[in-house]
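Below is one structure, written out as C-alpha cells, with a few remarks after it.
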Amino acid sequence: MATKKKKSTPTKPKSKAKPKLPARRQPETLRLRSIAPSLTATDLQRSIAFYRDVLGFMVGDEWREKGVLTGVELHAGAVTFMLSQDDFAKGRDRLKGVGTRYYCNTTQDIDRLAAQIRERGGVLDQEPKDMPWGRRVFMISDPDGFKLTFVQES
C-alpha cells in the first residue's frame with residue numbers, strides 16, 4: 001500500500017519587526033534632513049553661469065520682482081543651493097563667504113569631476129588630493145569668494 005504524500009501548505013512570511021529605537025533624549029534635540037544655503041551674488045547672471053555651466057548644477061525655480069530676475073534655486077543631486085541678487089544695502093565692496101566653507105559630498109570620481117570643471121573653465125583653489133581623514137577632495141571658490149570643497153565618499 002502506497003503512502004499518501006502530505007500536501008504542503010504555504011508558510012506565512014515571518015514579519016520583519018522593526019528594531020525598537022532607543023528613547024529620544026529629552027528635551028528632544030534638533031533633527032534636520034537637509035540644508036539649503038542661500039548665497040548673495042554681486043552679479044546674479046555670472047553666478048548662475050558658474051554654478052550651472054562650470055560646476056554642473058541645474059536651475060530650478062526662478063524668482064522675479066516686476067519681471068526682473070532676483071534669484072534662483074539650483075539643484076545637484078539631492079542638494080539645493082539658492083542664489084539671490086545682492087541689493088547692495090551693506091555696500092558694494094563687502095566681502096562675501098569669509099569664514100564659510102560648503103562641503104559637497106559625492107560618490108562621483110573626484111578626479112574626473114575636477115577635470116570636467118577645469119574643462120568648463122573652472123579654476124580650482126586646490127587640485128584633488130587625499131586628506132589625512134581618509135577622503136579625496138578638491139576646492140574651488142565661486143565668483144563672489146564663497147568656498148566649496150568637493151569630497152569623494154567611499
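The values are calculated or read from the model by the stated rules, or taken from the named source; none is laboratory data. On a predicted model such as this, the values are computed, not experimentally measured, just so you know. We place every Cβ from the backbone using ideal geometry, glycine too, and count neighbours over all the protein chains shown.
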Hey, any hits in region 42-55 for a residue that's aliphatic (A, V, I, L, M) and part of a strand (DSSP E or B)?
-> no
Quick check: anything in region 22-29 within 29 Å of Q116 (Cα to Cα) and at pLDDT 85 or above?
-> no
Out of A114, A76, A49, which single residue is without any contact (Cβ under 8 Å) to a residue 24 or more places away in the chain, closer than 18 Å to K147 by Cα and among the small types (G, A, S)?
-> A49
Among all residue pairs at least 6 apart or on different chains, which show Cβ distances below 8 Å where the first residue, located in region 32-43, is under 11 Å from A78 (Cα atoms) and the second is in a strand (DSSP E or B) and among the β-branched types (V, I, T)?
-> S34/V79; S34/T80; A36/V79; A36/T80
For region 57-74, how many residues meet the condition of being on the phi > 0 side of the Ramachandran plot and among the β-branched types (V, I, T)?
-> 0
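Here is a yes/no grid of residues against (1) in contact with an Asp or Glu (Cβ under 9 Å, 6 or more places away or on another chain); (2) among the basic types (K, R); (3) closer than 22 Å to S34 by Cβ:
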{"residue": "F81", "(1), (2), (3)": "yes, no, yes"}
{"residue": "K90", "(1), (2), (3)": "no, yes, no"}
{"residue": "G97", "(1), (2), (3)": "yes, no, yes"}
{"residue": "Y103", "(1), (2), (3)": "no, no, yes"}
{"residue": "L113", "(1), (2), (3)": "no, no, yes"}
{"residue": "Q126", "(1), (2), (3)": "no, no, no"}
{"residue": "D144", "(1), (2), (3)": "yes, no, no"}
{"residue": "E153", "(1), (2), (3)": "no, no, yes"}
Strands (runs of 3 or more DSSP E) completely within region 56-154 that count 3 or more residues being surrounded by 14 or more Cβ atoms within 10 Å (Cβ to Cβ) and under 15 Å from the mean Cα position of the chain (by Cα) | 68-76, 79-85, 101-106, 136-141, 147-152
Collect the residues in region 87-106 that are in contact with a strand residue (DSSP E or B) (Cβ under 7 Å, 6 or more places away or on another chain) and either modelled with pLDDT of 95 or more or at positive phi (or both), keeping them in residue-number order.
-> G97, R101, Y102, Y103, C104, N105, T106
